[in-house]
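The values are calculated or read from the model by the stated rules, or taken from the named source; none is laboratory data. Because the structure is predicted, anything quoted here is derived from the model rather than measured. With ideal geometry, Cβ positions are generated from the backbone for all residues, glycine too; neighbour counts draw on all protein chains shown.
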Amino acid sequence: MTALTELTPFSYHVLILMAVLIIKSVISHFVAHEPLRFFQFYCLQLGKKVNNSKNSSQQQVIAGLLAVLVTLTPIVIILWLFADFVAVDYVWQGLLLYLALGALNLGQVNKTIAQALVAKQNYLAKQTLKPWVLRETEQLSIVGLSKASIEMQLLRSLQQIYVVAFVFLLFGPLAALSYRLLLEMHYSWNNKLATFSHFGFYSQLFIALIAWLPSRLMALFIFISALGNSTKLSWRLSKVHFFKLNSSYVIAVFAYAIGVRLGGVAMYQQVKLRKTAFNDLAKQPEPRDIIKASSKIKLILVSSLMLLSFAAITWQLITFR
């Protein structure tokens, strides 16, 4: 306890982040679990109850905003008040961060998908991918499954690990958990689905605003990890997405970094949605590119954590010199 009290706030939060990541990584290796499963179920039921497609688009947008506020506000207030009764502060912060962080076994999930595709077990690959994506997987080819798997791991790593860690370090565990709950609302009421095209407007907007800066930091690490691979060309072609409030920029940078096409057409509720395509002149992704992408994402996450640890140690030494 004495050692922890001597840490700077930044070093203290970095230490908690590292500890929770290690604990969750070990647990996830042995047991696949989702602590927020009940909240996901609640969001789905609330969306069905509150969202009325017969209402005007403006009424649906307002209903979506009210659903976010009514859901998030009482949870935040209760957890904020409860924190005063917790004797061991770092345990409480670690618990909230543990709930906020997403799955840490996505590399293993994509390895299973890649192995299934190589073995021509497309059905197994589709069933493995299905719980992790919003798009329909039944009609996907090997190329489509490879592309969807890469994008899934990239975006989930960004949204559920990178952004969560960023919010935690800047604003604390309650803010990190609040963001994650908002992210689950966005997943449940995604405006790519025709049913929630208006209802999910504000949940999508809030997530885009929160994730904008950390996603650019992650893109910077992607650039650094791919130096020499036509870096100037990839920057020139991807910079048009830099200020967009979506994940286009990160996907574009990653597509150039691993040398494959990403984005393009996807099916949602039997509706074909034409999304932006990235790195059109490159080859289509293959199962081996799933493994390559997974290794690249792991490198980016580990490098970011190492730099963060170095910054925390340096700041600690400077402060207590």
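Within the stretch 256-283, restricting attention to residues that are part of a strand (DSSP E or B) and of a type in the set (V, I, T), which residue is nearest to L233 (Cα to Cα)?
V260
Do we have L273 as in contact with a strand residue (DSSP E or B) (Cβ under 9 Å, 6 or more places away or on another chain), surrounded by fewer than 15 Cβ atoms within 10 Å (Cβ to Cβ) and in contact (Cβ under 8 Å) with a residue 12 or more places away in the chain here?
yes
Is it the case that some residue within the stretch 120-134 is hydroxyl-bearing (S, T, Y) and assigned to a helix (DSSP H, G or I)?
For the stretch 120-134, residues hydroxyl-bearing (S, T, Y) and assigned to a helix (DSSP H, G or I): present.
Could you list, in sequence order, all residues of the stretch 71-94 that are free of Cβ contacts under 8 Å to residues at least 40 places away in the same chain and under 15 Å from Y179 (Cα atoms)?
Scanning the stretch 71-94 gives T73, P74, I77.
Hey, among the residues in the stretch 104-144 that are of a type in the set (G, A, S) and in contact (Cβ under 8 Å) with a residue 40 or more places away in the chain, which one's nearest to L299 (Cα to Cα)?
If we take residues in the stretch 104-144 being of a type in the set (G, A, S) and in contact (Cβ under 8 Å) with a residue 40 or more places away in the chain, then G107 is nearest to L299 (Cα to Cα).
Restricting attention to the stretch 87-119, which residues are in a loop (DSSP other than H, G, I, E, B) and more than 24 Å from E34 (Cα to Cα)?
Correct list: A87, V88, A119.
Restricting the stretch 242-256 to residues that are touching a residue at least 40 places away in the same chain (Cβ under 8 Å) and more than 13 Å from N279 (Cα to Cα), which is surrounded by the fewest Cβ atoms within 10 Å (Cβ to Cβ)?
L245
Scan the stretch 154-161 and give yes if some residue there is buried (at least 20 other Cβ atoms within 10 Å of the Cβ), among the β-branched types (V, I, T) and under 17 Å from L305 (Cα atoms), otherwise no.
Yes, there is a match, as at least one residue in the stretch 154-161 is buried (at least 20 other Cβ atoms within 10 Å of the Cβ), among the β-branched types (V, I, T) and under 17 Å from L305 (Cα atoms).
Quickly run through the stretch 53-88 and pick out the residues that are surrounded by 11 or more Cβ atoms within 10 Å (Cβ to Cβ) and either of a type in the set (D, E, K, R) or at pLDDT below 90 (or both).
S53, A83, V86
Yes or no, residue by residue, for (1) assigned to a helix (DSSP H, G or I); (2) in contact with a helix residue (DSSP H, G or I) (Cβ under 6 Å, 6 or more places away or on another chain); (3) surrounded by fewer than 16 Cβ atoms within 10 Å (Cβ to Cβ):
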residue: S146; (1), (2), (3): yes, yes, no
residue: S149; (1), (2), (3): yes, yes, no
residue: M152; (1), (2), (3): yes, yes, no
residue: S178; (1), (2), (3): yes, yes, no
residue: K192; (1), (2), (3): no, no, no
residue: M218; (1), (2), (3): yes, yes, no
residue: L227; (1), (2), (3): no, no, yes
residue: K239; (1), (2), (3): yes, no, yes
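If only one of K147, K239, K232 is in contact (Cβ under 8 Å) with a residue 24 or more places away in the chain and over 16 Å from the mean Cα position of the chain (by Cα), which one is it?
None of the others qualify; the one that does is K147.
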